[in-house]
Amino acid sequence: MTKLLKILLWTMVSLVLVIVLASVLIPILVDPNDYKEEIAQQVQAKTGRTLTIEGDIDLSISLPLSVSLELGKIELSNAKGFADKPFARMQGASIFVSIMPLITANRLDVGEIKLAGMELNLIKNKQGVTNWADLSSSPAEQGDSSPASEQTPATKEDTSESSSMPAINVAGLTITDAIINWTDEQANQQVSLSKSNINISELIEDKPFNFKISTHIQVVDLTQGSQPAIMGDFSLETKPTISLSKQLFQLPGTQLALDLKGKMLPGGSNKTTLTGDITFDGNTQKLSIDKMALTSIDLTADIAPDGQNTTTLIGNIQFDGKAQKLDINDMKLTSLDMVINGLFHAEKLNSSPEFSGQVSIDQFSPQKLAASLGSALPKMKEAKALNSADVKMTFKGTKDTVTISSLEANLDDTSLKGTASIKNFKAPYYGFDLTLNQLNLDYYALANQEQAQPAATPASTQSNSKKTTPPKPTSSENAPIFPVEMLRKLNLNGKLAIAQFIAGGAKMKNVVIVLKGKNGLVQLAPLKANLYSGSINLNTDIDVRGKTPKLKIINELTNVQIGDLLQDTTGSQEFTGAANIKANITTLGNDKNRLVKNSNGKVNLLVTNGKIKKLDILNTLRKADALLKGKVAPTSAQEKNTEFTELKGTFNVKNGVVQNNDLTSKSPVMELTGTGYADFPKEYLDYTLSVKLLNSLKIDDDSQGTDYKSKEIPYTIKGKFSDLSEQANISKVLEQEVKKSVEKKLNKKLEEKFGDKFKGLLKF
């Protein structure tokens, strides 16, 4: 036993002597500076780059078995074909490592690591190649021809050994005045991080430590010169706890601050802060962010109503990397007077992602929001329009689909409810089933604005100014109506129901719109609604499968009160009655002129119990009668109009010209028949009526007028649509009367003189 103790004692003494001798002799006998050239040659051989070590390498070993290393200025050249500036360089570095705790307690103690003046220049050239690509390739990629069979696979023992990693204690890390430059020649952009400082306090496993980072940011658009488009400061501060043995990383009290200015930012400036508690569990692959709060101040300083905007975002984020799940709960975003609440869940993130969630936007003013974003909405007829809105929805989806299973939205007095979906994002299919309580498009019509008259050019400057020809305005007659390319790609099937609908003054109730589209054929099939005591049933096809769009309209109006419709749309009742119209029209083209010119089809018209204002046939006949007889035209205090109990006809449409040969009208005072045409491309009307009076033209015993009862009077309406003229051919009636009178008298004389043989011989 005594002998064993002596052996152990001598062994310990010998080990101490070796350590002492090593700490004294190695720094004396071994100078690491002698190996700088060899180190540079090895780097050159492995990377093809030049390593320059300008300063001294100071290496010292001290008791109990600690190593201290200090380096001077070091520089690594750039990859071949890139800028002359170095890839990386550093003004100095120092590190201290204690080896004994690793031997005795499986713990590695590292002193404070100091890096000064580090600079890193990262570049991607116009071909998309980076200046570090040659450094990131593995030996196998660089030509290692070792057969796969010779490679030793990892064993269970290897895994177990790697899992028992030593604990690491680092006294701290200090990086001062670091610079990182990133140049993207493809995007013509340069990002620089300068004045970068990183401070980490003593890092002991399972114990919190201080972590601080600060840097100055500059973003340059190389196409606009060298002046920064964005510049500002970034800082991050937290107190993390790291456990390598447990694979657990905690960052409580994380604080991030970003203060930027520049012309590329909305409003020219942005101040943002982010706080929260972050935890990552490497074993279960879970990431959690709790008590998250994001605040953005002065986001749009130039366009916000009060010169600044504060945005806050709070919520809890949990990511399970092992199960590939992401949950965001209690999310709340507040910005520009908007409050957005929601939750989000996603799973199967690495294979076939599926997600679901809910989003709600509290009541806000779209008018104020647009003004805050610098895009004030145009003035509308109704001042209260777009002043109140809110949204609620529940959604789910995959990488190819999104379904809104519950949608509730309100805009002013309009409420929207229903469902919607999008399938196959590459070639989207849209589906919807929506219901509106009411929709008043007139509520959102633009207010009429008087066009400002250009100021007159002073006489003194007119002679010197160059005469320029103003550009010709685009004619609305030739402007494209259908977005052909969009309609060709449109694939949808949806239904929209509107309880009350107003557009252009026209009022509809119980509107149902079914809209379909596929392979270039878009169908409104049908549009149904109650319209002014009647109904409308409209089917429309827009076919853009060919070179020229084709349009087909089948429309049926039943018992629609035309007068009430015109009153609401034009402000007057020029035409009244219960209208029954059936129309089947086809045309082709993509502008108003061609659509009118190429229209063909048929229209059946029946209007009952109505009147046509400004078409006063009786008064026109009285004036024509008085003029023919050289008398004063009678006056009438009655409203000028032509009443009828029935008006019907068939109208054939060919190349934009509407031809009618069977118009008939009945009323208590007259019967009408008519024939003629309306040329819509030329905007010209030529129509002839035959008026058969059922009563006298006399208004009273004192008024002028002749009894033309049962006489057929020609009545013409012709001219440009904007300047129609009416004319009653009374003279032709009188001419016939004179002829009949002369004929009667001559036949009577012949009969008296020659007997019955000449009775009725003369006819004119």
Subject >> Number of the condition not met by Gln449 [criteria: (1) surrounded by 10 or more Cβ atoms within 10 Å (Cβ to Cβ); (2) modelled with pLDDT under 85; (3) within 29 Å of Lys507 (Cβ to Cβ)] >> reply: (1)
**OP:** Scan region 576-584 and give yes if some residue there is free of Cβ contacts under 8 Å to residues at least 24 places away in the same chain and in contact with a Gly (Cβ under 8 Å, 6 or more places away or on another chain), otherwise no.
**Re:** no
Original post:
Within the set of pairs 6 or more residues apart or between chains, which connect a residue that is crowded, with 16+ Cβ neighbours inside 10 Å inside region 530-542 to a residue that is assigned to a loop (DSSP other than H, G, I, E, B) and not acidic (Asp, Glu) with Cβ atoms less than 7 Å apart?
Top reply: Ile542/Phe482; Ile542/Pro549
Original post:
In region 598-611, which residues are under 15 Å from Ala678 (Cβ atoms) and buried (at least 17 other Cβ atoms within 10 Å of the Cβ)?
Top reply: Ser599, Gly601, Val603, Leu605
**OP:** Would you mind finding the one in Ile502, Ile498, Ile481 that is under 30 Å from Lys423 (Cα atoms) and not in a loop (DSSP other than H, G, I, E, B)?
**Re:** Ile498
Original post:
Do you know which of the residues in region 361-400 that are free of Cβ contacts under 8 Å to residues at least 24 places away in the same chain and polar (S, T, N, Q) is surrounded by the fewest Cβ atoms within 10 Å (Cβ to Cβ)?
Top reply: Ser375
Subject >> Thr312 vs. criteria under 25 Å from the mean Cα position of the chain (by Cα), more than 30 Å from Leu248 (Cβ to Cβ) and modelled with pLDDT under 85 >> reply: no
Original post:
Taking region 672-696 as the search range and keeping residues that are loosely packed, with under 15 Cβ neighbours inside 10 Å and not in a strand (DSSP E or B), which one is modelled with the lowest pLDDT?
Top reply: Ser696
**OP:** Of all residues in region 636-649, count the ones that are surrounded by fewer than 14 Cβ atoms within 10 Å (Cβ to Cβ) and at pLDDT 60 or above.
**Re:** 1
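The values are calculated or read from the model by the stated rules, or taken from the named source; none is laboratory data. Worth saying up front: this structure is predicted, and the values here are computed from it rather than measured. Cβ atoms come from the backbone with ideal geometry, glycine included; neighbour counts cover every protein chain shown.
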